[in-house]
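For reference, the structure discussed in these notes is given below.
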Amino acid sequence: MNTKQSEVWKKLEKHAHESKTVHLREAFKQDDKRFDKYSINFNNMLFDYSKQRITEETMSLLLELAETSDIEKWQDKLFQGEPINHTENRSVLHTALRDFSESKLIIEGNDIKADIEIVLKKMEAFIERIHSGKWKGFTGKSINTIVNIGIGGSDLGPKMLYNALKPYHEPGLKVHFISNLDGADLAECIAKIDPETTLFTIASKTFTTLETLQNAHTARDWFLRHSHDEAAIAKHFVAISTNTKSVAEFGIDTDNMFEFWDWVGGRFSLWSAIGLPLALGIGMEHFNSLREGAFSADIHFKAQPFEKNIPVLMALLGIWNRNFLNAETLAILPYDHALSQFPDFLQQLEMESNGKSIDREGESINYDTNPVVWGATGNNGQHAFFQLLHQSNTLIPIDFIGSVNSAYSLKGHQQRLFSNMTAQAEALMHGKTEDEALEELSSEQKHLSPYKVFKGNVPSSTLLFKNITPHSLGMLVAFYEQKVFVQGAIWNLNSFDQWGVELGKKLANEVLDDIVSNDKKNMHDSSTEGLMSYFKSNFMDDIAL
Ligand code: F6P
């Protein structure tokens, strides 16, 4: 059934049309219990969605939409490992990677929780050898530098969390993350590191990704130029992959491979061995605490009724803003420096999952799906793009993410940071009327009043943590994963494939063939031809690192 044709969708469209004139400023004035009604405390987090453009009727219709979209049925399929990634015939079981319950999970006759445990134990033992200095490099020195080479899901999650969890970093060990095919990324890193004390983790689910393999080969060549010994590779390169054959072909001893499985989607994989560079960086105990945080979010997601279920509400509010208030983008604004890379991580999680226009039955979708997700740390954003949020004609819903306490606790900073976040959310919601603007202006300045008007009515949610810890970040990431899942179910999409990234990859290989050989095989449009010819005539030889 086409979601847009459903009765409840039509009711929501009508309701959105009728409630256009309702301003959040008035909604707060009329109901002094609005915050109590539309906020939830969970563990060490407060979720406030009272500044969304909703009424009781909106919520009741959105909850009806969740019911009629069979979210519970989809949840069961997800957690039980049915192959809900139907275009690749795969289960979607990242939740099993953080399932601390005693129960087994049998998939195709195999208890996958036992497999997960084996890899976790292998990670733990490896991390212990690195941290204790027992793992030696080719000159007998211990490892003090990790370089993770991976891209997309094999980079963004671990990198974002390593950056967010600086207070938890293992002393004496630095982790670098290299993803970009642009040689600058690897060259800049290599200039700072010592081959004798560096270990590379080559992270790729498929072990076929062009960027990762190119960077990995360049890193290996650089390493061999220093070690002059192929056998030394075993001491300095480990792989994280589902593809044993390609790992062996690359020259990494498969004893030094940390396995995961095709039922873990790349953008959901940070809980698997893909989290190894993070676990090396923060220690296995903190990595487990991150997994526990996610597990607590999974329990909440499974057990709570929809009206008290944080990720279900996040999903429904996102659908309200996207499909009924027609907001084309979603801003993610962390007021916590630790979370500066969180918007980048969410871009892949949300847009690669739900940026689609074909439904589960292979039919074209005639409604909007994922908004463009973007963002930056909120306080810096205030002095860059907030003008547009406040006074343009473009509606941009916002997720504010903040923390009450900071690991750095510099005097005066945290209260001011919180005040800024909350004041921005208030100002965006409330706005400023012409009368209010006029009141503030002297008689000579009255002509400035149109410039001083803020329409307000900008919807936002706030996720406020007591502290940024591995546990709270585990919850945060899991809530967004579940939000993506619920939205995919409502939009009737497969959130777990990514066919849209294939065409560019294929054409990149064709362009490469044509620019490296003199015998051009492929036809291109005149623009591509023009760019290729400009590149070829200006390209100077490249050099080894
Ligand atoms: O190109 C997109 C993608 O396939 C992502 O889904 C994935 O996270 C990334 O590439 C990296 O893939 P891999 O881990 O197989 O190298």
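Mind listing whichever residues of the stretch 296-315 are in contact (Cβ under 8 Å) with a residue 60 or more places away in the chain and closer than 15 Å to A478 by Cα? Steps first, please.
Of the residues in the stretch 296-315, the ones in contact (Cβ under 8 Å) with a residue 60 or more places away in the chain are 296-298, 300-302, 306-308, 310-315.
S296, A297, D298, H300, F301, K302, I310, P311, V312, L313, M314, A315, listed by residue number.
Out of the stretch 86-132, which residues are in a helix (DSSP H, G or I), within 28 Å of S353 (Cβ to Cβ) and not hydroxyl-bearing (S, T, Y)? Write out each step before concluding.
Going residue by residue through the stretch 86-132, those that are in a helix (DSSP H, G or I) are 94-98, 112-132.
Now narrow it down to the ones that are within 28 Å of S353 (Cβ to Cβ): 94-98, 112-113, 115-117, 119-120, 123.
Within the stretch 86-132, H94, A96, L97, R98, I112, K113, D115, I116, E117, V119, L120, M123 qualify.
Selection within the stretch 121-142: residues that are open to solvent by less than 30 Å² (accessible area, probe 1.4 Å) and in contact (Cβ under 8 Å) with a residue 60 or more places away in the chain. The member of this set that is nearest to the ligand (Cβ to nearest atom) is M123. Of everything listed in (1) out of contact with any strand residue (DSSP E or B) (no Cβ under 8 Å at 6 or more places or on another chain); (2) surrounded by 13 or more Cβ atoms within 10 Å (Cβ to Cβ); (3) under 30 Å from K33 (Cα atoms), the single unmet condition for E67 is (2).
Does the stretch 389-399 include one or more residues that are crowded, with 18+ Cβ neighbours inside 10 Å, in contact with a helix residue (DSSP H, G or I) (Cβ under 6 Å, 6 or more places away or on another chain) and more than 19 Å from M475 (Cβ to Cβ)? Scanning the stretch 389-399 turns up at least one residue that is crowded, with 18+ Cβ neighbours inside 10 Å, in contact with a helix residue (DSSP H, G or I) (Cβ under 6 Å, 6 or more places away or on another chain) and more than 19 Å from M475 (Cβ to Cβ). It is to be established whether one or more residues within the stretch 264-276 are of a type in the set (V, I, T), within 20 Å of F345 (Cβ to Cβ) and not in a helix (DSSP H, G or I). Taking every residue of the stretch 264-276 in turn, at least one turns out to be of a type in the set (V, I, T), within 20 Å of F345 (Cβ to Cβ) and not in a helix (DSSP H, G or I). When V372 is tested against the conditions (1) away from the ligand (no atom under 16 Å from the Cβ); (2) within 11 Å of the chain's Cα centre (by Cα); (3) open to solvent by 50 Å² or more (accessible area, probe 1.4 Å), the lone failure is (2). Scanning the stretch 32-57 for residues that are open to solvent by 40 Å² or more (accessible area, probe 1.4 Å), assigned to a loop (DSSP other than H, G, I, E, B), over 21 Å from K466 (Cα atoms) and not hydroxyl-bearing (S, T, Y) yields a count of 3.
When you go through D111, D115 one by one, which is the residue that is in contact with a Leu (Cβ under 8 Å, 6 or more places away or on another chain), more than 16 Å from the ligand (Cβ to nearest atom) and of a type in the set (D, E)? Can you show your working first?
Values: D115 fails: in contact with a Leu (Cβ under 8 Å, 6 or more places away or on another chain).
Residue meeting the stated conditions: D111.
Of V516, V486, which residue is more than 16 Å from the ligand (Cβ to nearest atom) and either modelled with pLDDT under 95 or touching a Phe, Trp or Tyr at 6+ places or on another chain (Cβ under 6 Å) (or both)?
Details: V486 fails: either modelled with pLDDT under 95 or touching a Phe, Trp or Tyr at 6+ places or on another chain (Cβ under 6 Å) (or both).
Step by step, each of V516, V486 is checked, and only V516 is more than 16 Å from the ligand (Cβ to nearest atom) and either modelled with pLDDT under 95 or touching a Phe, Trp or Tyr at 6+ places or on another chain (Cβ under 6 Å) (or both).
Being of a type outside the set (D, E) and under 24 Å from A425 (Cβ atoms): is that true of Q498 here? Spelling it out, it is not the case that Q498 is of a type outside the set (D, E) and under 24 Å from A425 (Cβ atoms).
If you take the residues of the stretch 489-501 that are more than 13 Å from the ligand (Cβ to nearest atom) and not aliphatic (A, V, I, L, M), which of them is farthest from A338 (Cα to Cα)? Applying the filter and picking the extreme gives N492. The condition of being among the aliphatic types (A, V, I, L, M), away from the ligand (no atom under 16 Å from the Cβ) and assigned to a helix (DSSP H, G or I) does not hold for I146.
This table checks each residue for (1) of a type outside the set (D, E); (2) open to solvent by 20 Å² or more (accessible area, probe 1.4 Å); (3) under 18 Å from L349 (Cβ atoms).
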{"position": "I282", "(1), (2), (3)": "yes, no, no"}
{"position": "A294", "(1), (2), (3)": "yes, no, yes"}
{"position": "K302", "(1), (2), (3)": "yes, yes, no"}
{"position": "L317", "(1), (2), (3)": "yes, no, yes"}
{"position": "A331", "(1), (2), (3)": "yes, no, yes"}
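Scan the stretch 443-451 and give yes if some residue there is acidic (D, E) and either buried (at least 24 other Cβ atoms within 10 Å of the Cβ) or within 15 Å of the ligand (Cβ to nearest atom) (or both), otherwise no. Looking through the stretch 443-451, none of the residues is acidic (D, E) and either buried (at least 24 other Cβ atoms within 10 Å of the Cβ) or within 15 Å of the ligand (Cβ to nearest atom) (or both).
Condition check for N41 on (1) under 20 Å from V312 (Cβ atoms); (2) touching a helix residue (DSSP H, G or I) at 6+ places or on another chain (Cβ under 6 Å); (3) not aliphatic (A, V, I, L, M): one failure, at (2). Filtered by the rule that a residue be touching a Lys or Arg at 6+ places or on another chain (Cβ under 6 Å) and more than 15 Å from M160 (Cβ to Cβ), the stretch 245-288 gives D262, W263. Scanning the stretch 521-541 for residues that are open to solvent by 90 Å² or more (accessible area, probe 1.4 Å) and not in a helix (DSSP H, G or I) yields K521, M523, F539, M540, D541.
Restricted to the stretch 150-254, the set of helices (runs of 4 or more DSSP H) holding at least 2 residues that are open to solvent by 30 Å² or more (accessible area, probe 1.4 Å) and within 16 Å of the ligand (Cβ to nearest atom) comprises 156-164, 210-227, 244-250.
The values are calculated or read from the model by the stated rules, or taken from the named source; none is laboratory data. Please read these numbers as outputs of a predicted model, since none were measured by experiment. Positions of Cβ are backbone-derived with ideal geometry, glycine not excepted, and every protein chain shown enters the neighbour counts. All accessible areas refer to the heavy atoms of the entire protein, side chains included, with ligands and DNA or RNA removed. Shrake-Rupley method; radii C 1.70, N 1.55, O 1.52, S 1.80 Å.
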